[in-house]
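The structure's right below; bear with me while I get my questions together.
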Amino acid sequence: MIELTGNDLTIQDLDKIARLNIEIQLSRSALEQIQNSHEKLLHLVETTKPLYGINTGYGIFADKKISIKESKKLNRNLIFSHAVGTGEPLPGEIVRAAMAIRINALAKGLSGVKLEIVSTLLEMLNKGVIPQVPSKGSLGSSGDLCLLAQLGLVLLRDELDAEKDSGKAIYKEKLFSGKKAMQMAGIERIEFTHKDGLGLINGATFSAAIAALCISDAQALFKIADAAVALSMEAMCGRSDAFHDGIQKARNIQGQIEAAAGIRKIIKGSSFIDSLDQVQDAYSIRCSPQVHGAIRETGKFVSEIITNEINAATDNPLIFDSNKVISGGNFHGEPIGLAADYLSISMTELGAISERRTFRLLDKNLSNGLPAMLVDPAEGEGLNSGVMILQYTAAALVLENQTLATPDSIKSLPTSANQEDHNANAFNAAINLWNIIRNTTKILAIELYTASRGIDLRKKINSSGKMGFGTREIYMLVRDQFPYHANDILLRTELESFYKMLIYGSDLKDKIISILD
C-alpha cells in the first residue's frame with residue numbers, strides 16, 4: 001500500500017502503482033487538506049464575485065457569469081464538451097499513472113473539489129476500473145483537457161445518467177461502458193458541482209504520467225546499454241584503457257564515472273579484452289562512458305523536474321484561503337514538454353551509439369577478425385546472410401528516433417480565440433518520448449543479441465578465451481532464452497520475444513540490471 005500525501009510521490013512508487021497495481025491510500029493530512037479546501041470553496045461561492053470556472057464560463061467565456069444554481073449543468077457541460085480526444089487508446093499503465101498523479105495533485109488541498117471526487121478516483125484505481133482514454137487531442141496546456149475529460153465521463157453521473165454518455169472503461173480485462181464498469185466494481189458515480197470538473201481535468205497530468213514512466217524505463221536502459229557495450233567489447237576484443245577510473249574522474253561527470261565503473265566491473269577477468277594489438281577502439285566503444293554518462297546526467301535532471309510535477313497542484317484557479325481564489329497558469333505543461341524533449345534527444349543518442357557498435361560487429365573490416373555479417377564459417381557466406389538485416393532494423397529505428405526527437409516544446413498554435421495564445425505541446429513531447437524509449441529498447445536488444453553471436457564466433461577463433469565475470473553471466477542469460485543457431489533462422493520471432501522481455505519487464509531484464517548494480 002502506497003500512501004499519497006500530495007507532496008512526496010516518487011517516480012518509483014508511481015511505476016509500482018501503474019504497472020504492478022499496488023494499491024494506494026490517502027494520508028490523514030491529505031484527507032483534511034481536501035476537506036478544508038472544499039469548505040473554503042463553499043464559503044466563497046456565497047459571494048457574487050466572479051470566480052473563474054466556478055461561477056463563470058471557461059476559456060474565452062471567462063467573462064460570462066453563471067449562477068450557482070447552474071453549477072451541476074456547468075460541470076456536466078464541461079466534461080461532455082471537452083471529451084473529444086481521438087486516436088488509439090492509451091495503454092492502461094499510462095491511465096493508471098495519470099489517475100494516481102491527479103489524486104496526488106488534488107490531495108494538496110488547493111483545488112476545492114469535494115472529497116468524493118478524490119475518493120472515487122482512488123477506489124477506481126484500487127478496484128481496477130481503468131477508463132479508456134484516447135491518445136490524441138491534447139496540447140499540454142490548460143492541461144490534458146480532452147484526455148482527463150474522457151476519464152471524467154466514467155465518474156460523472158448527470159440527471160439522465162445515460163449509459164452511452166458514460167465513456168468506456170476496462171474492468172477485469174474487459175471493456176464496458178463506464179457506467180457498467182463502475183456498477184460491476186460496486187463504485188458509485190457522482191454529480192459534479194462547483195469546481196469538481198475543472199479540478200479534475202485542468203492539468204498536464206497525462207503528459208506528466210508518460211514522462212514519469214519513461215524516466216523509470218530510461219533508468220533501466222542506462223544499465224542495459226552498459227551491458228551491451230561490454231558484450232560488444234568481448235566479441236571485438238576491445239581495449240579497457242578508455243574505462244580507466246582516472247580518465248573518468250578527470251572529466252568529473254558523475255554519470256560518466258558510473259557508466260565506466262559498471263562496464264569495468266563486468267568485464268573484469270576477461271581474456272578477450274585487451275587481447276589484440278589495436279591502440280584505440282572506435283568512438284562507439286571508447287567514448288561510450290562519455291556518451292552514456294551525459295545521458296545519465298540528463299536523466300537525473302529530467303527526473304527532478306518530473307518528480308516536482310507529479311507533486312504539484314496544476315489546476316486553475318487555486319484556493320488559498322476562505323477569501324481568495326487566485327487564477328494562474330500551473331496547468332501549463334512547459335516544464336514537462338521541455339524535459340521530455342531533452343530526454344528524447346538523450347535516448348535517441350543512446351540508441352544511435354548502440355547501432356554503431358552493431359554495425360561494427362557485422363563488418364569484417366571493423367570487428368577485429370569476426371566473419372562478415374557474423375555468418376558461421378561452417379555454413380557458408382552468401383548461402384547464409386547471418387544477422388545482416390538486424391543492423392538494417394536498428395538503423396531504421398535510429399532514423400525514426402531522430403525524427404521523433406525533433407523538439408515539440410518549441411512548437412505552438414493558439415487556441416480559444418487567442419486567450420490561450422502560447423501552448424506547450426507537452427503531450428506530443430511526452431508521447432514521442434514514449435515511442436523513442438521503445439525504439440531504443442529494441443536497438444539495445446539487437447546489440448545484445450548480435451554481440452552474443454559475435455562472442456560465440458570469437459570463441460571459435462580463440463577457444464581458450466574467457467569472458468569477464470559479469471559479461472559471462474549476461475551472455476548466459478541471453479543464451480538461456482535464445483540458443484545459438486549456426487544457420488539462418490527466422491530471427492524476428494526471437495527478437496520480438498527479446499523486445500518484450502526488455503520493454504515489459506522479465507527476469508532476464510531484472511537480472512541484467514542487477515549484475516550492473
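Starting from residues that are under 18 Å from I190 (Cα atoms) and charged (D, E, K, R), keep the ones in the range 65-92 and report whichever is modelled with the lowest pLDDT.
Per the stated criteria, the residue is K69.
Would you be able to say whether some residue in the range 412-433 is without any contact (Cβ under 8 Å) to a residue 12 or more places away in the chain and part of a helix (DSSP H, G or I)?
Yes, the range 412-433 contains at least one residue that is without any contact (Cβ under 8 Å) to a residue 12 or more places away in the chain and part of a helix (DSSP H, G or I).
From the list R296, R251, R286, R264, pick out the single residue that is in contact (Cβ under 8 Å) with a residue 60 or more places away in the chain, touching a helix residue (DSSP H, G or I) at 6+ places or on another chain (Cβ under 8 Å) and closer than 24 Å to S354 by Cα.
R296
Restrict the check to the range 249-270 and report whether at least one residue is of a type in the set (V, I, T), surrounded by fewer than 22 Cβ atoms within 10 Å (Cβ to Cβ) and farther than 27 Å from Q12 by Cβ.
Taking every residue of the range 249-270 in turn, none turns out to be of a type in the set (V, I, T), surrounded by fewer than 22 Cβ atoms within 10 Å (Cβ to Cβ) and farther than 27 Å from Q12 by Cβ.
Here's another thing I want to ask about it. Suppose we keep only residues that are buried (at least 22 other Cβ atoms within 10 Å of the Cβ) and β-branched (V, I, T) within the range 70-95. Which one would you say is nearest to E159 (Cα to Cα)?
Checking each candidate, the answer is I79.
The rows are residues; the columns are (1) closer than 29 Å to I210 by Cα; (2) surrounded by fewer than 18 Cβ atoms within 10 Å (Cβ to Cβ); (3) aliphatic (A, V, I, L, M); (4) more than 23 Å from the chain's Cα centre (by Cα).
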residue: E379; (1), (2), (3), (4): no, yes, no, yes
residue: E400; (1), (2), (3), (4): yes, yes, no, no
residue: K411; (1), (2), (3), (4): yes, yes, no, no
residue: P414; (1), (2), (3), (4): yes, yes, no, yes
residue: L433; (1), (2), (3), (4): yes, no, yes, no
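Scanning the range 339-377 for residues that are among the acidic types (D, E) and closer than 20 Å to D488 by Cβ, which turns out surrounded by the most Cβ atoms within 10 Å (Cβ to Cβ)?
Here the residue is D376.
Suppose we keep only residues that are free of Cβ contacts under 8 Å to residues at least 24 places away in the same chain and either in contact with an Asp or Glu (Cβ under 6 Å, 6 or more places away or on another chain) or farther than 20 Å from K324 by Cβ (or both) within the range 47-62. Which one would you say is least open to solvent (accessible area, probe 1.4 Å)?
Out of the qualifying residues, it is G57.
Hey, does the range 229-243 have a residue that's open to solvent by 20 Å² or more (accessible area, probe 1.4 Å) and modelled with pLDDT under 95?
Scanning the range 229-243 turns up no residue that is open to solvent by 20 Å² or more (accessible area, probe 1.4 Å) and modelled with pLDDT under 95.
What is the one condition in (1) open to solvent by 10 Å² or more (accessible area, probe 1.4 Å); (2) in contact (Cβ under 8 Å) with a residue 12 or more places away in the chain; (3) not small (G, A, S) that I201 does not satisfy?
Unmet for I201, out of (1) open to solvent by 10 Å² or more (accessible area, probe 1.4 Å); (2) in contact (Cβ under 8 Å) with a residue 12 or more places away in the chain; (3) not small (G, A, S): (1).
Hey, could you check the range 383-398 for residues that are of a type in the set (G, A, S) and open to solvent by 20 Å² or more (accessible area, probe 1.4 Å) and say which is farthest from T441 (Cα to Cα)?
S385
Of the conditions (1) under 19 Å from I224 (Cβ atoms); (2) without any contact (Cβ under 8 Å) to a residue 60 or more places away in the chain; (3) under 15 Å from the mean Cα position of the chain (by Cα), E349 satisfies every one except a single condition; which number is it?
(3)
Restricting attention to the range 1-38, which residues are free of Cβ contacts under 8 Å to residues at least 24 places away in the same chain and open to solvent by 70 Å² or more (accessible area, probe 1.4 Å)?
If the condition is that a residue be free of Cβ contacts under 8 Å to residues at least 24 places away in the same chain and open to solvent by 70 Å² or more (accessible area, probe 1.4 Å), then K16, L20, R28 are the ones that fit.
So F320 clears everything in (1) within 32 Å of the chain's Cα centre (by Cα); (2) closer than 30 Å to A100 by Cβ; (3) of a type in the set (F, W, Y) except one condition, right? Which one?
With (1) within 32 Å of the chain's Cα centre (by Cα); (2) closer than 30 Å to A100 by Cβ; (3) of a type in the set (F, W, Y) applied to F320, the lone miss is (1).
Oh, and also: Quick one: what pairs do we get from the range 160-176, first residue closer than 12 Å to F80 by Cβ, second part of a strand (DSSP E or B), C-beta under 7 Å, 6+ apart or different chains?
Pairs that qualify, where the first residue is closer than 12 Å to F80 by Cβ and the partner is part of a strand (DSSP E or B), are S166/S177; G167/P131.
The values are calculated or read from the model by the stated rules, or taken from the named source; none is laboratory data. All of these numbers come straight from a predicted model, not from anything done at the bench. All Cβ positions, even for glycine, are placed from backbone atoms using ideal geometry, and neighbour counts span all protein chains on display. Ligands, DNA and RNA are stripped out before the accessible areas are found, and what is left, the full protein with its side chains, is counted by its heavy atoms. Shrake-Rupley method; radii C 1.70, N 1.55, O 1.52, S 1.80 Å.
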